[in-house]
Amino acid sequence: MIKITLKGGAVREYESPVTAADVAKDLGAGLFKAACSARVDGEHKDLRTLLDRDCTLEILTFEDKDGCWTFNHTASHILAQAVMRLFPQAKFAIGPAIDNGFYYDFDVETPFTAEDLEKIEGEMAAIIKEGLPLERFELDAAAALELMKDQPYKQELIREHADKGEKITFYRQGDFTDLCAGPHLLSTAPVKAVKLTSCTGAYWRGSEKNKMLSRIYGIAFPKRSELDAYLERQAEALRRDHNKLGRELEYFTTVDVIGQGLPVLLPKGARVIQILQRWIEDTEQKRGYLLTKTPLMAKRELYKISGHWDHYLDGMFILGDPHDETKECFALRPMTCPFQYQVFLNRQRSYRDLPMRLGETSTLFRNEDSGEMHGLIRVRQFTISEGHLILRPEQLEEEFRGCFELANYCLETLGLKEDCSFRFSQWDPANPNNKYEGTPEQWEHAQGVMKTILDDLGINYEIGIDEAAFYGPKLDIQIKNVFGKEDTLITIQIDMLLAEKFGMEYVDVDGTKKRPYIIHRTSLGCYERTLALLIEKYAGALPTWMAPVQVKLLPIADRHLDYLYQIQKKLEDAGIRCEVDARSEKIGYKIRQAQLEKVPYMLVAGDKDIESSTISVRSRKDGDRGAMSVDEFLAGIREEIDSRAR
């Protein structure tokens, strides 16, 4: 008998091998209809997978991450089949599922137009209606190359798979066959709603040395109502997009002659980042951090010691010839760790000096690919709340907990915690690019220690293979922008390797010299990215405590200006950021302008206000709050700011 343990612990027994789809059907018609793929013994598998031994099984639907991935992957094949029917001369590259739908890259003589996308959508609807079953099969290299003889990109991939000794698998649906490892849906029928969202250029394999292809993006759902809801969310995302809204509100701009990925922070944006930086530096000081300020560049010799020269050279801005060892060569720093280590190395250290918590508001430089950059989310020069904790091994869990609690506090205060997820980023021992330092034993030890810490903290995390830093595993706190693109906001890393490279030692209680452990961490992460996320989160209406302008003072007529200038001074003396709108415009216009600028409070003054020594208060959140004394308003806004209310 074959025993199959289902999610929840129930066991099904079968006398002979069955597929995952067979089990789904046994469990109910509803589940079978919704099934997209399966997880067998923890591995993501096709529903066609034959279960011929005892195993664990979980049926995945569109609501599961991997099930949704399978659904979108099949949608990408439907897209490719539609293009094949309408544009038979097209050459096919790759078509994966992505976090927010799917795409497929095509080599065509002329880029697809909006009208082309409409036709392709129509053909996709016809393919879905046909309910074509998907069939998986394998071929040897020679047969695979023959099958794809008219598809040069597929042939290139086939040769690579063959050279690695990997299986060469295909999926066939009706008149279309594609090179693919799967998994896929059982047929095209479940894909009830599709929308092609855009068409852009994309280099083959992401290299500008290769040909530019036409990439069609799309999204798919099991129900039309789900697609409609998605399109509504996208419309809202466009309204909140920091790359649009941040420019309209004059937080930042970009200039061609300065360069891509090098935004100019305008006064409002610079003020918000200054507020955040001061808050973080003060918070870290209260938690025992020592402030450092280190150079923005260093000789290549420093990066050779740390390993960044070997593992990160392509991502650095180099000043000089990196390959000419006879001449001095510098590089702008992509991280601060090797610089802050010099603080520890400044003199002999004792166990009494540890933990040493070093913090710095660090400006860093990374040579990002042009296609990766977006507004303030991903840039080539940025500033982060970087820190390194140098400690004894027995202090590791407590200090890691402190880093995590600090990150949690920052996210909760900003209102971003609910949008975050956690990833335990591990190494890949089979990484072909020799990305990592250290031995397998060292990595297994470091990851084992980190797993214990994360589990003790009760963190619900996903595992990311090949996402670790080259020197150690890390906890990445991930967040998505309004369009669903995920990036790392905060990271906490365990490093058991670099102390030896830099000769870092401390004298322990017994008088012997020992190597410290190191935690690399950020408390808030990249300030530019954080500003972008805040603009999107609050649709530009930042909480009062971090708003660049907290109060606009609006005179009804010019004769009321002197009164408001007196109030402005009183507010500024109390630490309130305020401006007087002295333009010769009607009060209604001034109010509308202040509302468009997302200013939290407007104080309007006219003859009656001057006579009664009051101000008329309008709140961004509550509207007209009536007349009150300046002291009463000041007490309320001061409490709101001091509590960092959202």
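Structure values in brief
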| item | result |
| --- | --- |
| Inverse mean reciprocal Cα-Cα distance (Kirkwood Rh) of segment 410-562, Å | 18.7 |
| Cα-based convex hull volume of segment 217-308 per residue, rounded to whole Å³ | 265 |
| Acute angle (nearest 10 degrees) that the helix 224-240 long axis makes with the longest principal axis of the chain, alpha-carbon atoms | 30 |
| Nearest-20 debye value, segment 161-289 charge dipole, Cβ charges on Lys, Arg, Asp, Glu | 120 |
| Average accessible surface area per residue within segment 435-593, 1.4 Å rolling probe, Å² | 40 |
| Heavy-atom accessible surface of segment 394-452: percent carbon and sulfur, 1.4 Å | 48 |
| Positive dipole terminus of the chain, leading residue within 531, 62, 221 (C-beta point charges) | 531 |
| Stokes-Einstein diffusion coefficient of segment 310-410, Kirkwood radius over Cα pairs, 20 °C, 1.002 mPa s, in µm²/s | 131 |
| Computed Rg/Rh of segment 1-125, alpha carbon atoms with Kirkwood Rh | 1.12 |
| Among 493-499, 572-578, 30-36, the order from most to least packed when residues are scored by Cβ within 10 Å on average | 493-499, 30-36, 572-578 |
| Dipole magnitude of the chain about its Cα centre (Cβ charges: Lys, Arg +1; Asp, Glu -1), debye to nearest 20 | 1300 |
| Within-12-Å neighbourhood charge of residue 515 [Cβ basis; K, R +1; D, E -1] | +1 |
| Ratio of the Cα radius of gyration of the chain to 2.2 N^0.38 Å, where N counts its residues | 1.14 |
| Cα Rg over Rh - segment 84-172, Kirkwood | 0.99 |
| The chain: relative contact order in percent, alpha carbon pairs under 8 Å with at least 6 residues between | 9 |
| Stokes-Einstein D in µm²/s, Kirkwood radius over Cα pairs - segment 129-216 at 4 °C with 1.567 mPa s viscosity | 86 |
| Evaluated at q = 0.11, 0.12, 0.14, 0.23 Å⁻¹: base-10 log I(q)/I(0), Debye formula over Cα of segment 570-646 | -0.29, -0.34, -0.47, -1.31 |
| Distance from segment 266-328 to segment 528-585 (C-alpha centre basis), Å | 34 |
| Dipole-positive endmost among 442, 469, 40 within the chain (Cβ charges, Cα centre) | 469 |
| Cβ-based net charge around residue 378, under 11 Å, with every Lys or Arg adding one and every Asp or Glu removing one | -1 |
| Inverse mean reciprocal Cα-Cα distance (Kirkwood Rh) of segment 450-519, Å | 14.5 |
| Mean Cβ count within 10 Å, highest first, over the residues of peptides 445-453, 198-206 | 445-453, 198-206 |
| On Cα atoms only, tilt of 561-573 relative to the major axis of the chain in degrees | 70 |
| Folded to 0 to 90 degrees: helix 527-537 orientation relative to the chain principal axis, Cα | 80 |
| Set of lysines with alpha-carbon distance to residue 513 below 23 Å, sequence-local pairs under 8 removed | 501 |
| Point-charge dipole on Cβ atoms (K/R +1, D/E -1) for segment 376-522, about Cα centre, debye to 20 | 520 |
| Residue (of 346, 29, 604) at the positive-pole extreme of the chain, dipole from beta-carbon charges | 604 |
| Where segment 215-277 is the region considered: accessible area per residue in Å², 1.4 Å probe | 53 |
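The values are calculated or read from the model by the stated rules, or taken from the named source; none is laboratory data. Quantities reported herein were computed from a predicted structural model and do not represent experimental measurements. Methodologically, a virtual Cβ is constructed for each residue, glycine included, from the backbone with ideal geometry; neighbour enumeration extends over all protein chains shown. Quick note on the areas: whole protein, heavy atoms, side chains included, nothing else; ligands and nucleic acids left out. Shrake-Rupley method; radii C 1.70, N 1.55, O 1.52, S 1.80 Å.
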